[in-house]
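These notes concern the structure reproduced below.
The values are calculated or read from the model by the stated rules, or taken from the named source; none is laboratory data. Everything quoted here is computed from the prediction, not taken from an experiment. No Cβ is skipped: glycine too gets one built from the backbone with ideal geometry, and neighbour counts run over all protein chains shown.
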Amino acid sequence: MPVLTVEWVGAPPPDGLAQRLADAAGLALGTPPGRTWVRLRHLTPARYAENDVARAPEPVFVELLVRAPTDAPTVGRLTRALARACDRSPEQVHVLVLPAAAGRMFFGGVPVE
């Protein structure tokens, strides 16, 4: 049930990126087909900045919602997989792991256990 919200900074993301991200995340997290969801958002470079940097790099920000807490090796594996899918270095992919979804997330009114 992983849900990833991906914010792409830069030129418009390439066609098919959302599917590549979903496939890469599903493989990295070991989920069966149809069980990893990706929402892809675009942020133009004009709407992103870093302090004291004239031309900021173009990172990818990821919020990860999973059923139960996850560990650092899993997040590292996911980061590398997403970086490959985005054609960016892993150093440009920043993952925020949200609190566990069990008991807080509902699909069609049914709680995630």
Exercise for the section: List every residue pair whose Cβ atoms lie under 7 Å apart, where the two residues are 6 or more positions apart in sequence or sit on different chains, the first residue falls within segment 53-76 and is over 17 Å from T36 (Cα atoms), and the second residue, located anywhere, is surrounded by 15 or more Cβ atoms within 10 Å (Cβ to Cβ) and of a type in the set (F, W, Y). Expected result: A56/Y48; V60/W8
Exercise for the section: Give the residue that is farthest from the chain's Cα centre (by Cα), with candidates limited to residues of segment 22-80 that are exposed (fewer than 12 other Cβ atoms within 10 Å of the Cβ) and among the aliphatic types (A, V, I, L, M). Expected result: A54
Completion exercise
By residue number, the members of segment 9-38 that are outside any helix (DSSP H, G or I) and hydrophobic (A, V, I, L, M, F, W, C) are V9, A11, W37, V38
Exercise for the section: Select from segment 77-92 the residues that are of a type in the set (D, E, K, R) and touching a residue at least 60 places away in the same chain (Cβ under 8 Å) and list them in ascending order. Expected result: R84
Exercise for the section: Hey, can you tell me all the residues within segment 91-106 that are closer than 20 Å to H42 by Cα and loosely packed, with under 15 Cβ neighbours inside 10 Å? Expected result: E91, H94, L96
Exercise for the section: Please indicate, with yes or no, whether at least one residue in segment 53-68 is of a type in the set (F, W, Y) and not in a loop (DSSP other than H, G, I, E, B). Expected result: yes
Exercise for the section: Spot the failing condition for E91; the list is (1) part of a helix (DSSP H, G or I); (2) touching a Lys or Arg at 6+ places or on another chain (Cβ under 8 Å); (3) among the acidic types (D, E), and only one is missed. Expected result: (2)
Exercise for the section: Would you mind finding the one in A56, A22 that is among the hydrophobic types (A, V, I, L, M, F, W, C) and either out of contact with any Asp or Glu (no Cβ under 8 Å at 6 or more places or on another chain) or at pLDDT 95 or above (or both)? Expected result: A22
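Matching residues to (1) closer than 25 Å to A101 by Cα; (2) acidic (D, E):
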| site | (1), (2) |
| --- | --- |
| R47 | no, no |
| V53 | no, no |
| E58 | no, yes |
| V62 | yes, no |
| V66 | yes, no |
| T70 | yes, no |
| T74 | yes, no |
| R84 | no, no |
